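Below: the structure, in structure tokens.
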Amino acid sequence: MSRKKVYYDIYESPQSEHSRPSYHVRVAKSDLIDFQRIKRNIASQCTASEGDISLSVDQLSCNMANEVGSGNRFHIEGIGYFYLIIEAEPASSAKSINNHQIRVRTVGFTPDKILMSRLAGIDFYRSPIKRHSASTTYAEKQLILKDFFKHHGSITRAEFQTLLGLTRTTAIRQLNELCKGPSAIFNKEGARNSPVYIPLTTSSFWKD
């Protein structure tokens, strides 16, 4: 099996005003591998058909939702552990939090030893393309987003973050800004915990 290759870039970590700068690395180049491609890959490697795989994954999802939704940890051997993460609005005292204020934040994931062992042998390379939030110009951002929306009707926070090489916090802040005021370019739609952003066609941002 050939060694895996991953590109990374170096980012300055957020600091207080008088702190010395520090830096962290993140994956700089990644593609979205959709379920259709995954099904084709698995079907070519075993006797299960793509239909069999779809049905199995659908049942796996239902079982996971049932168990994780009951507060249990859900383990898939060779992949990892899934568990519920909940939240509530900030409160001044424990007594002011009640059952109706609790909501699901997300599903957490911890890889198991088998998956981590299969990630051994990665070669890391510094990305030749740097798309840091501070250095991405308006024109570059416009070009990247317009190219993305040639093939998509909406964008998620994760996709926006990856496309522009942003941190999660910066991506959320920029998306919120891009949905407000006279210069808005997106409409925010969908569930609170998993919104999607749809181009605002009246914005000059999308005009040729």
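Computed quantities for the displayed model
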| item | result |
| --- | --- |
| Theoretical ellipticity at 222 nm over the chain - DSSP helices of four or more residues, -39500 (n - 2.57) apiece, nearest 500 | -9000 deg cm²/dmol |
| Residues with amide H under 5 Å from that of Arg26, placed H, sequence gap 5 or more | Asp9, Tyr11 |
| Neighbour count of at most 11 Cβ within 10 Å plus DSSP loop: longest trypsin sites (Lys or Arg not before Pro)-free window in the chain | 4-149 |
| Residues Thr137, Thr170, sorted so that the one with the fewest Cβ neighbours within 10 Å comes first | Thr137, Thr170 |
| In order through the stretch 78-95: 3J(HN,Hα) via Karplus (6.51 cos²θ - 1.76 cosθ + 1.60), integer Hz, x for Gly, Pro | x, 10, x, 10, 10, 8, 7, 10, 10, 8, 8, 4, x, 10, 7, 8, 5, 5 |
| Net charge, Ala191 excluded, C-beta distance under 13 Å - Lys, Arg +1, Asp, Glu -1 | +4 |
| Residue range of the chain that is longest and free of GluC sites (Glu not before Pro) which are both DSSP loop and sparsely packed (at most 12 other C-beta within 10 Å) | 78-208 |
| Largest to smallest principal axis extent of the C-alpha atoms in the stretch 85-208, angstrom | 54, 47, 26 |
| Percent of Cα-Cα distances greater than 30 Å, calculated over the chain | 43 percent |
| Expected-Rg normalisation [2.2 N^0.38 Å, Cα atoms] applied to the stretch 61-122 | 1.51 |
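Values in this text are rule-based calculations from the coordinates and carry no lab data. As the structure is a computational prediction, the values presented were derived from the model and not from experiment. All Cβ positions, even for glycine, are placed from backbone atoms using ideal geometry, and neighbour counts span all protein chains on display.
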